[in-house]
Amino acid sequence: MTILAFDTASDLLALGLSVNEQRYFLEIDSGRKHSELIMDAADTLFRIAGIAKTELDAVACMEGPGSFTGLRIGFSAAKGIALSLGGIPVIPVPTLDCLAAPFSFWPGIVLPLMDAKKNAYFTALYRGKKRISPCLDIGMDDLIKEIDHSFKTDTELSPSLFLTGPGLPLALPGLAAVFPETTADCTWKRGHAAELLNFAVERSIFMKENKTYDSGPLYLRKSDAEMKCSMAPGEQ
């Protein structure tokens, strides 16, 4: 199975290519210049792996939440390549699942965090390999209540918190002040193309018939432009 994966959910552009048992990765701290670099980066991976684009069996991308523009770029690139190759599957994978996946060994709660601006975070609570909350667009006070409720209602859960993801530096002071058993991921500033590929390989088995071209990003909230357009003239 040959799969190309795009992680465009944050400022860091990350790509992964799976060719049977071989994996190839490329990360660029692009400052959100993803649209300018993404196709050249993909071509670079093809050259390194020694394969042609036409050998792809599927394309994967981050589903969201994440950067509004970044997610659109990832989906557009994935769908464009898939359609140009005669309709190979597009496999979207939830961003927070990818951020949390490497830490399924943690005995407490794993909390992947993305800065949602407006003093809020995109996040979800994970225990082992299971997501134990919905994907959230949430402020710090409500997030603390959500975590505290999980610790109190699950007596078998270790009262420890593991933070990861690009929103970690912003959230760490507030969460560590309330939950003393908080650990921060020292590798938080990295791409997650490897995890994205792992999920995509698993899901590709079931996606032979479902091309998912009608799918789109998971945003959790409207963009600033959409919210402005939906406001009454006197509210703008």
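Observations on the structure shown:
- Pick from segment 13-68, criterion at pLDDT 95 or above and of a type in the set (K, R), ranking: farthest from K189 (Cα to Cα): K53
- Among the residues of segment 178-205, those identified as of a type in the set (A, V, I, L, M) and either within 17 Å of G108 (Cβ to Cβ) or surrounded by 15 or more Cβ atoms within 10 Å (Cβ to Cβ) (or both) are V178, A184, A193, A194, L196, L197, A200, V201.
- Matching residues in segment 101-121 - criterion: being at negative phi, free of Cβ contacts under 8 Å to residues at least 24 places away in the same chain and in a loop (DSSP other than H, G, I, E, B): F105
- Contacts under 6 angstrom Cβ, first residue in segment 58-73 being touching a residue at least 24 places away in the same chain (Cβ under 8 Å), partner of a type in the set (D, E), 6 or more apart: M62/D7
- For segment 96-113, a tally of residues being surrounded by fewer than 24 Cβ atoms within 10 Å (Cβ to Cβ) and among the aliphatic types (A, V, I, L, M) returns 1.
- Residue match in segment 24-40 (condition: under 12 Å from L197 (Cα atoms) and more than 15 Å from the chain's Cα centre (by Cα)): yes
- Within segment 129-144, the residues that satisfy the criterion of being more than 19 Å from P65 (Cβ to Cβ) and exposed (fewer than 13 other Cβ atoms within 10 Å of the Cβ) are K129, D141.
- Failed condition for A60, given (1) more than 24 Å from E36 (Cα to Cα); (2) not aromatic (F, W, Y); (3) not in a helix (DSSP H, G or I): (1)
- Cross-chain or 6+ apart pairs with Cβ under 7 Å, segment 9-23 first and over 21 Å from H34 (Cβ atoms), then β-branched (V, I, T) and in a strand (DSSP E or B): V19/T2
- Here Y126 clears all of (1) buried (at least 24 other Cβ atoms within 10 Å of the Cβ); (2) in contact with a strand residue (DSSP E or B) (Cβ under 6 Å, 6 or more places away or on another chain); (3) touching a residue at least 40 places away in the same chain (Cβ under 8 Å) except the condition numbered (3).
The values are calculated or read from the model by the stated rules, or taken from the named source; none is laboratory data. The shown structure was predicted, so the numbers you read here are calculated from the model rather than taken from an experiment. Positions of Cβ are generated from backbone atoms using ideal geometry, with glycine treated the same way; all protein chains shown enter the neighbour counts.
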